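Only the coordinates and a few stated rules stand behind these numbers; no lab work does. Please read these numbers as outputs of a predicted model, since none were measured by experiment. So basically every Cβ, Gly included, is an ideal-geometry build from the backbone, and we count neighbours across all protein chains shown.
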């Protein structure tokens, strides 16, 4: 197994960083790494906003559900789906591409582009000994986040990515059984297999929490996730995204 | 610069592979690498379908716009947004999570989850000396693709990823200027800067094509992209995704 795969398999989200900031050189290398990811038909439909302003970081930490590591880290990146530049350059050529920009297909492309870039940055950071954590919490209130970051139409902040020097290593969290995620030639929806995978995984997760909390927690994955999806998360999202000009048709 | 970052920066899509198939061990290591990516609130909302059946591969290659490398490669993976398992396990607990599953927020989460996993797999593959290419072309006709792969409700095939031993190395394609993708503290929509970036990049791309084609092509990026967005790509997508139970509200 090579070093890169070791880095990938060794991933855990880091939620506690030292005060050491990333250097300008590190930041540029991380952005360059992000940019090297594949992009759908060369569209490059994303942008990255680095946030260093302490007031903005504090505010974003609050908005993301009072997560202190959104404020205290080596650097905070916000990844955005971005079709603003495409609109602008088409307009300058006198071409109207609104119908494309508003389509769900193009929206998906921009979300995928941003995510591929972010994961490249994550692996690059981890290969440098840095820790990372994705911050989906910025989607709690995208109206305020967009205002804070001054994003124009056709730009949608998707998630933050905090990067920094780890103060505490967390444990690696076990994933679903490989044979549950990975199917061959056709989607396997066999009832008995499904139950077998789920109960095996629930046991794995339950053991993981018991060990990590000295027996205080023993959550099962299926209970955790069912609980978190009982109430629709961020139910404003559909309208908000459409308000940005995206995913409308 | 470490090996991992070298691998990341050295990325180019490979569209020509030798006949050598990936081994079972390589496939499992790649899937494990994919699974190690971050996942939003531990939701793990994606699946991967490995396609080895020659008829299915041929058919997928056709559907993806007659791309021969979709048929001839070391292995073909199809990444899907997947909330089927979440629905199923909630039902078994007597909990109705339909409103969550149908939300644009949860749809975005599943697309992001799948993309992060895919990019992990890509980097892992490239670190092993393999080449990769994303196949967005499967979205040309998701109805047929879904039928072929037998995906149930709440599962949406997003893209293929072909992996294999490169037969031909392609060139690395230059990305947008770093300062255009990367903003500090707020989105920079300055008119003059925008124009400067675009014309510098158009020149870079034009030179790139000239060199690559002995002067036969000299496309500019802004023309390419404007051209490709003149007509809405895959305009059926909005309805199709909703038909799968996703992105409805």
Give the angle, between 0 and 90 degrees and rounded to the nearest 10, that separates the Cα long axis of helix A:191-212 from the longest principal axis of the Cα atoms of chain A. 80 degrees
GNM of chain B, Cα pairs under 10 angstrom: of B:203, B:184, B:153, the biggest fluctuation goes to B:184
Residues A:159, B:79, A:107 arranged by fewest to most Cβ contacts within 10 Å: A:159, B:79, A:107
Which value in Å does the Kirkwood hydrodynamic radius of the protein assembly as shown take, with 1/r averaged over all unlike C-alpha pairs and then inverted? 22.9 Å
Over chain A, with a Gaussian network built from C-alpha contacts below 10 Å, which listed residue (A:38, A:16, A:110) shows the highest mean-square fluctuation? A:38
To the nearest 500 deg cm²/dmol, what mean residue ellipticity at 222 nm is calculated for chain A from DSSP H runs of n ≥ 4 alone, each contributing -39,500 (n - 2.57), summed and divided by the residues? -14000 deg cm²/dmol
GNM, chain B, Cα, under 10 Å: largest mean-square fluctuation among B:148, B:83, B:229? B:229
Can you pull the semi-axes for segment B:90-245, root of five times each eigenvalue of the Cα gyration tensor, sorted largest first, whole Å? 35, 22, 17
How many nm is it between the label spots at residue B:143 and residue B:91, if each spot is 7 Å from the Cα in line with the beta carbon? 2.4 nm
How many nanometers, to one decimal and shortest first, lie between the label point of residue B:140 and those of its other copies, if labels sit 7 Å from Cα toward Cβ? 4.5
Run a plain Debye calculation on segment B:178-218 (Cα atoms as equal point scatterers, no solvent) and give log10 I(q)/I(0) at q = 0.15, 0.29 Å⁻¹, rounded to two decimals, same order as the q list. -0.47, -0.91
With the label 7 angstrom out along Cα to Cβ, how close does residue A:10 come to the same site in each of the other copies, in nm, nearest first? 2.0
Using Cβ counts within 10 Å as a stand-in for footprinting exposure, how do B:27, B:135 rank, fewest first? B:27, B:135
Segment A:62-119-segment A:200-232 distance, computed between alpha-carbon centres (Å): 33 Å
Copies compared at residue B:193 - label distances in nm, ascending, label defined 7 Å from Cα in the Cβ direction: 5.2
